[in-house]
Each structure stands twice: as structure tokens, then as C-alpha cells.
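Asker: Okay, here's the structure, questions in a sec.
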Amino acid sequence: NARQLRGRASLDLRTAPPAAAVVLDTKELRIHAVADERGRLLSFTLGAPDPVLGRALTVELPAGVTRVVVEYETSPDGNGLVWLAPEGTAGGEHPFVFSHGHAILTRNWIPTQDSLGLRQTYDARITIQRGLTAVMSAEHLTPAGVPHGAGRRFEFRMTQPIPTYLIALAAGELAFRPLGARTGVFAEPALVERARDEFADLERMLAAAEAMAGPYRWGRADLLVLPPSFPFGGMENPRLTFVSPTLLAGDRSLTTVVAHELAHAWPGNLVTPATWSDFWLNEGFTVYLELRINEALYGAERAAMLEVYGHRELEAQVERLGATHPDTRLHLDLAGRDPAVAVTAIPYVKGAAFLRAVERAVGRARFDPYLRSWFDRHAFQSVTTDAFLRDLREHLLGGDAELERRVDARRWVYEPGVPSDAPRPASAALERVEAAARAFAASTSARSLEAGATSAWTPQEWRHFLDALPPGSSDEQLRALDEAVSRDHPNNSEVLFAWLRLAMRSQYAPALAAAERFLTAQGRGKFVKPLYAAMAESEWGAREARRIYRVARPLYHATVAAAVDAMVG
Ligand code: BES
Ligand code: ZN
């Protein structure tokens, strides 16, 4: 109930030559004392707080000291750990806590050198109140925990060096179900059976990823289903991917997020961008692998649909910024900015499109082995965009001037906008859906829905149909859409979101109760932020948004709440 982590961070330093001081990152931490391995106090200073970076903790190192032990506590409303009261969980009886380190939030719960270009191993002992299970992005040495004072203690070990944003912790009332030999799912008992069924393909996804990227090096690949306020679809914590409960659609239609997080076991977790400006080396490669995993498991049509969605977002982002805006380059200039601003369709979708373009130029027979060798050559290393371009030239395009000209890697990476000859994904199924949306929008009746073509649509097709409709359909049409969605896909968060956004933009009051339920039942930024934005488009909607937000705000992660604050006040 203290909503607080108290403890000791013990850091073994490797410095060459010996350093006179070490500087650690901290944010919203209270530092009680710093000592060496024998308990001798070391003198330290805390720098002035920077709104993005936090405060530098400078510790003086007497000759020979290679371990510093920092005694500290987190603040109850710091952003690194999210503390949920029992009401914020599915079971409703036990509290829950989870960490989120990406991009630079690990410093909010561990004093360490929280820099993307550095890696560390870790051991952890976590003591927590009885009845809860703690899990981390590491080997679980005491899966059931051991009694410790009034609580239970859990031990963890991560022997592979990882960047600090991948250190992750969660604790709550958790159950576990195995899925395959290396895979399984943790979730609250109330959700664990649904989770087991939803993610049944995890082991096959892993095999498909390995076939492209090489052996999975992290041992286990488990999933943890988080409470509804988890702000992301998924987060690729090593050995233990965190996922949103909004993926539990009951029809396995939203599992591409799992494919995506699994793919990060190579780009991101194994081969890490050296700086946040190189973020596309992480997300662009991951989206590329995500699409290939989908293709291998579910076929080219399903993968094409996903690729089309991505490109629609990419086009919207380029349009918002303008095709000559520097932030549309793959290699970003983030100097002085919060790295969180890098999270847009540019590194994700333009990044993947670049790899598609290379794949198209050389063919899969050459591209696939190259990709795998890239991960092998740079395993457990940090890489820059320039290093990738050199590697590409040396190991794939090698001296073929015509090929290099055709790929034009520097154009993709260092220039704004999307090259005019970029691969354009197409999906026949989505084109049919777009035609249906045009016909629907051109009339004022809902007859085309009643005719029944839509009842065979997959959730992907429904979502695309709803996204393609302009706001302002007739009440009869909106009523028919409402009925069709709640009949065919009542539990699919992507379909529901697409419907509610359209309904709110159309100022369709009968959907208000459903919007309110949706906005108070989950806190995923991808849904919450655009839905409030859609409501804020009209005075009617803005008023209702403020009313709903007053109740919903405590459910949201601080980063999501900050964005909604700016929209609805
Ligand atoms: N690493 C990201 C999650 C992330 C990005 C957290 C930026 C914090 C800041 C993760 O791999 C991701 O991209 N998740 C996506 C889903 C994916 C299928 C595009 C998400 O959560 O929406
Ligand atoms: Zn990702």
C-alpha cells in the first residue's frame, strides 16, 4: 500500500582506466546513502533536476572501489513503476505493480547508467507482500517465492547483458500456463485460460522467427498479461514480453502484437540501436520480421493487410509533418528532446519499408541469410545507422554499383519523406472492403450491410471498413453499424475502437455509453488518445469527454494522462 520500492542497488563497475567518480541516472528517487562493498560511506551529490533526464547522481570513487551500493526509495507517483489498487485488476482483490523502462524510465526506479548504448546483467531479490507473485525479465530462480519476514521473496538472474530499458518487474496475483516447451503465459487467474487459448500460436511464432533470424538466445519466451491500464499493446522485455489484456479478443485476431514483441528478441534486445536517433534499427527491423512471421503462419493475405494498415499510418504521419520535415528521416535528430518523440510510424513503417525495398532488390534468397548474419555479427552489441549501411554494403550489396544505386540506402535513411519507388503493399480483401465503404458512404441507407456481405468479414476487414468511412453517416446507418459490430465482434478491441472513433466523430449519442465503458475499461494509449481526440472535435464530444475523463483519468498511465490532459484539459 505504500506504493513504493525501497532497497539497495549494488552496481559492479568496469572502468578502464580507473575512474575517480561514477555518474548514475536517477529520476524521482530519494537517495539515502551510497557505500562501497564493505559498507564504507561514499560521498555523492545529486545534480539539479532536468525535466526529461532527471538528476545525475555523482559518486566519488576512492582508489580500488569497484562496487557502489545505493540505498534508495522510489516516489509513490514517479513514472517508472505503476501501482494499481485492487480495483485496477481483473480479479479485483489484490494490488498489482509493473515497471515500464522504455525509453528512459528505468532511472525512475533503479539508479543506474540508463543509457541506450550501455548494457548490463542483473541479479535481483524482490520482497513483496504475501499472496503476490513477482516476475522479471530474467531467469526465475524461485518461481513460487520463499517466505521472508512478513512477505515473500523472489530471486532473479539475467546473465546476458541487456540495455537498461529492458529491466522489467511486475507483481500481482498471477497464474501460469505452459504453451510449449519454451513458452507460457502469466496472467491473473481470472484471465489465464483465455490467455492460454488466445496465444496458443506462440511456439510456432518463435519457430518462424528463428527460421529467419537464427536461434532464439534468451532461453524462455513467456508472456505476461497486464492489467487494463497497461499503456501499450506490448513491450518486448527479454524472456517475458508484457502484453495488454486488450489483445484477448477470443479469436486470436490480435496476436500480431505478440509476433512483434517476439521479433524484438533479435532487433532491439540482441542488436540494440546505439542511440535513440537510431531507433528505426529497432522498430523497423521488428515490423519487418513481424510481417514475415504473420506471412509464415497465416499466409500472405493476412500479412498484406497488416502492411497496408502500417502504410496508411505512415502516409498520415508524413502528411501531418510534411514530406520535407526532418522528423520523417529514418535517422532522427533528437538532440535535446525526449526520445519518446521518436515513437511514430516513421521508424516503424518507413523502416520496415526500407528493408522491403532491399529485399525486393536482391530477392529473399539473398536477403534472408544476410539478415540472419547481421544479427549474428552484432549480437549483444549496440549499432549505429552508419554501421548498418556499411555492413549492408560490405555483406550484401558488395561492390555492385547498379544494385547500390537501385537500393539508394542513404536516400532512405538520411533524407525526409518516402521514396517514390517505395514498395506499395496491396491487399485484395481490403480493396473490396474499401469499395464497400465507398458505396456505403455514398448512400444514406444501411441496405448494403443488411445484404449480409459483412457477416463474413474478419475483424481485420471490419476494422478497415470502419476506418475508411467518413464521419457523418445517417442515423440509420450508424445504428446498423452499431448492431453489426456488437453482434459480430463484441470483444475485439480494434474493431470496437474503430467503431467508437467513427461514432464519436459522427456525434452519434447512442454510442456514448459504449465509449464510456471502453474508456474506463482499459488505458492503452493507442485507443485512448485518438478516442478523446475524436470526441474533442465537437463541442458536444468535448463536454462528454471531460465528464468521462474525470472518472477515467486515475486508470491511465502518467504518459497517457499527460497526452489526454493536453486534449481535454
Ligand atoms: N517497444 C515497443 C513499445 C514501446 C514503444 C513502449 C515506445 C514505449 C515507448 C513495442 O515493441 C511496440 O512497438 N508495441 C506496439 C505494438 C506493435 C505491434 C507495433 C504497441 O504497443 O502498440
Ligand atoms: Zn516494437
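Asker: Starting from residues that are among the hydrophobic types (A, V, I, L, M, F, W, C), under 22 Å from the mean Cα position of the chain (by Cα) and open to solvent by 10 Å² or more (accessible area, probe 1.4 Å), keep the ones in the range 372-399 and report whichever is nearest to ARG360 (Cα to Cα).
Answerer: ALA379
Asker: Find the helices (runs of 4 or more DSSP H) located wholly in the range 373-442 whose residues include 3 or more that are within 30 Å of PRO161 (Cα to Cα), and list them.
Answerer: Of the helices (runs of 4 or more DSSP H) lying wholly inside the range 373-442, those with at least 3 residues that are within 30 Å of PRO161 (Cα to Cα) span 385-392.
Asker: Mind counting the residues in the range 170-203 that are open to solvent by less than 10 Å² (accessible area, probe 1.4 Å) and among the aliphatic types (A, V, I, L, M)?
Answerer: 7
Asker: Can you work out which of the residues in the range 236-253 that are closer than 14 Å to HIS557 by Cβ and open to solvent by less than 10 Å² (accessible area, probe 1.4 Å) is farthest from ligand 1 (Cβ to nearest atom)?
Answerer: Going through the qualifying residues, I end up with PHE242.
Asker: THR256: among the β-branched types (Val, Ile, Thr) and either open to solvent by less than 10 Å² (accessible area, probe 1.4 Å) or free of Cβ contacts under 8 Å to residues at least 24 places away in the same chain (or both), yes or no?
Answerer: Details: among the β-branched types (Val, Ile, Thr): yes; either open to solvent by less than 10 Å² (accessible area, probe 1.4 Å) or free of Cβ contacts under 8 Å to residues at least 24 places away in the same chain (or both): no.
No.
Asker: Only one residue in LEU481, LEU466 is crowded, with 20+ Cβ neighbours inside 10 Å, within 20 Å of TYR532 (Cβ to Cβ), touching a Phe, Trp or Tyr at 6+ places or on another chain (Cβ under 7 Å) and not basic (Lys, Arg), so which one is that?
Answerer: Of LEU481, LEU466, the one residue that is crowded, with 20+ Cβ neighbours inside 10 Å, within 20 Å of TYR532 (Cβ to Cβ), touching a Phe, Trp or Tyr at 6+ places or on another chain (Cβ under 7 Å) and not basic (Lys, Arg) is LEU466.
Asker: For the structure I just gave you, tell me whether ALA2 is touching a residue at least 40 places away in the same chain (Cβ under 8 Å), buried (at least 16 other Cβ atoms within 10 Å of the Cβ) and not in a strand (DSSP E or B).
Answerer: no
Asker: Another one. If we keep just the residues of the range 266-282 that are part of a loop (DSSP other than H, G, I, E, B) and open to solvent by 10 Å² or more (accessible area, probe 1.4 Å), which is farthest from ligand 1 (Cβ to nearest atom)?
Answerer: The selected residue is ALA274.
Asker: What residue, among those in the range 138-169 that are in contact with an Asp or Glu (Cβ under 7 Å, 6 or more places away or on another chain) and among the hydroxyl-bearing types (Ser, Thr, Tyr), is least open to solvent (accessible area, probe 1.4 Å)?
Answerer: THR164
Asker: So which of THR344, THR286 is open to solvent by 30 Å² or more (accessible area, probe 1.4 Å) and within 13 Å of ligand 2 (Cβ to nearest atom)?
Answerer: THR344
Asker: Failed condition for ILE104, given (1) buried (at least 16 other Cβ atoms within 10 Å of the Cβ); (2) not in a loop (DSSP other than H, G, I, E, B), with all others met?
Answerer: ILE104 satisfies all of (1) buried (at least 16 other Cβ atoms within 10 Å of the Cβ); (2) not in a loop (DSSP other than H, G, I, E, B) except (2).
Asker: Could you tell me whether any residue of the range 219-233 is open to solvent by 10 Å² or more (accessible area, probe 1.4 Å), touching a strand residue (DSSP E or B) at 6+ places or on another chain (Cβ under 6 Å) and within 12 Å of ligand 1 (Cβ to nearest atom)?
Answerer: no
Asker: Does the range 58-86 hold any residues that are part of a strand (DSSP E or B), open to solvent by less than 50 Å² (accessible area, probe 1.4 Å) and closer than 22 Å to ALA558 by Cβ, and which are they? Give the derivation first.
Answerer: Of the residues in the range 58-86, the ones part of a strand (DSSP E or B) are 58-60, 67-74, 81-84.
Applying the additional criterion that residues be open to solvent by less than 50 Å² (accessible area, probe 1.4 Å) yields 58-59, 68-70, 72-74, 81-82, 84.
Answer for the range 58-86, where residues must be part of a strand (DSSP E or B), open to solvent by less than 50 Å² (accessible area, probe 1.4 Å) and closer than 22 Å to ALA558 by Cβ: TYR72, GLU73, THR74, LEU81, VAL82, LEU84.
The values are calculated or read from the model by the stated rules, or taken from the named source; none is laboratory data. Note that the coordinates shown come from a computational prediction; the quantities given were computed from them, not determined experimentally. So basically every Cβ, Gly included, is an ideal-geometry build from the backbone, and we count neighbours across all protein chains shown. Side chains are part of the model used for accessible areas, which takes the heavy atoms of the whole protein and leaves out ligands, DNA and RNA. Shrake-Rupley method; radii C 1.70, N 1.55, O 1.52, S 1.80 Å.
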